[in-house]
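Read the structure below first, then the notes.
The values are calculated or read from the model by the stated rules, or taken from the named source; none is laboratory data. Bear in mind that the values here come from a model prediction, so they are computed numbers and not experimental data. Backbone-built Cβ (ideal geometry, glycine too); neighbour counts: all protein chains shown. Protein only, heavy atoms only, side chains kept; ligands, DNA and RNA dropped before computing areas. Shrake-Rupley method; radii C 1.70, N 1.55, O 1.52, S 1.80 Å.
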Amino acid sequence: MPPGSHRATSDPDVANKLIADRLTELQQRRRDKILVGVEQQASLAEFASYHLVQKARSGRVTRGWLVESENQLSIAIDYFGPGRHLTSIRVSDIQDFTNYLRERPNGRSGVLSGGTVRHYLNTLSNLYRRAASEGYVPPGYNPVSALIEKPQARRQEAQWLEVPDAALLLESARTFKGKGFGDTVPIFAIMATFLLTGGRKAEVLGLELDDVSFDRRTVTFRPNRYRRLKTNTSHRSVPLWPQLEEVLQHHMFDRKAPLGNLLFPSPSASAEGMIKNLRKSLDAIAVRAGWKPGDIRTKIFRHTYCAARLQTLDHGA
């Protein structure tokens, strides 16, 4: 059967090409066994399943990471074929896969960005590192790492809001009434936490109730079962500023208390989970305050906090 087909070919030329490719693969397996002692064999689909199970057992990754990795590997399996042997995937195949990903729709009337494509390749590269360490491919065999020109995330100049503009945006969130707001999605409290802690998107949306201390007046970003932190130094405590303290007290005590452990649990999840997408909420609030849809995203809140805090420092003091 040709790749991507569910029926055997009736074309003699295609059949001969498929036989030649299969023979090359079997000869490569024999060489691997004789030259480098590769005894274990597995298809891409089989080893991807094994790889994800081992990742889950390690306890070092979150459920969200596993789900995302499974989705990315599923796309690779669909492209290469579930029965494709690991050593039969060459650098040229990875290059073709990269070009395929660059044209793949992102679900927002566009295609995958360079940074997103790089995430797909990194997930596949991680699979090959395990395969090499456990003898499924020759030592050092990793066609993703061997790719010379890997896609890169597009670097953009950091954008932030001036303090009055940030205050206007917060007031727009506080006074906005509409479907998906208020008790369902506490967007005012969420935006205030972004703007007054400088937390990343996953850090803020993954905060637990115990991470907010009104006694010590701190907000602590630490890894938990909902998400991990970007780096080891991301585990930190930031001041609970009076403005945010008032907002969070109202959010936690003067209204219906959040369910479970999360400070901002998702209202749509059957089990407790993080909120995944704030784009529609942010657009509604931003347009009301004079911005255009797409102008305001969570990263600008982090830059705003950092820019405002830098103005309060005098040579580091």
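Quick rundown of the values:
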read-out	value
Among (1) in contact with a strand residue (DSSP E or B) (Cβ under 8 Å, 6 or more places away or on another chain); (2) within 18 Å of ARG174 (Cβ to Cβ); (3) not small (Gly, Ala, Ser), the one test that GLN249 misses	(1)
Any hit, the stretch 146-165, residues being modelled with pLDDT of 95 or more, in a loop (DSSP other than H, G, I, E, B), open to solvent by less than 30 Å² (accessible area, probe 1.4 Å) and among the hydrophobic types (A, V, I, L, M, F, W, C)	no
Some residue of the stretch 211-219 being under 21 Å from ALA167 (Cα atoms) and in contact with an Asp or Glu (Cβ under 8 Å, 6 or more places away or on another chain)	yes
Given (1) modelled with pLDDT under 95; (2) over 16 Å from LYS299 (Cβ atoms), number of the condition ASN277 does not satisfy	(2)
Flag for SER113 being in contact with a Ser or Thr (Cβ under 7 Å, 6 or more places away or on another chain), touching a residue at least 12 places away in the same chain (Cβ under 8 Å) and over 26 Å from SER5 (Cβ atoms)	no
Residue in the stretch 271-278 that is out of contact with any Phe, Trp or Tyr (no Cβ under 9 Å at 6 or more places or on another chain) and among the polar types (S, T, N, Q) present	yes
Among residues of the stretch 275-317, those that are among the hydrophobic types (A, V, I, L, M, F, W, C) and open to solvent by 30 Å² or more (accessible area, probe 1.4 Å), counted	8
Every pair of residues 6+ apart whose Cβ atoms lie under 8 Å, when the first sits in the stretch 61-73 and is more than 15 Å from ALA202 (Cα to Cα) while the second is among the aromatic types (Phe, Trp, Tyr) and in a helix (DSSP H, G or I)	GLN72/TYR120
Criterion violated by PRO3 - all others in (1) modelled with pLDDT under 85; (2) open to solvent by 80 Å² or more (accessible area, probe 1.4 Å); (3) not in a loop (DSSP other than H, G, I, E, B) satisfied	(3)
Among (1) open to solvent by 20 Å² or more (accessible area, probe 1.4 Å); (2) at pLDDT below 90; (3) out of contact with any Phe, Trp or Tyr (no Cβ under 8 Å at 6 or more places or on another chain) - the single one ILE77 does not satisfy	(2)
Residue that is assigned to a helix (DSSP H, G or I) and within 17 Å of LEU52 (Cβ to Cβ), where the choices are TYR100, TYR79, TYR136, TYR128	TYR128
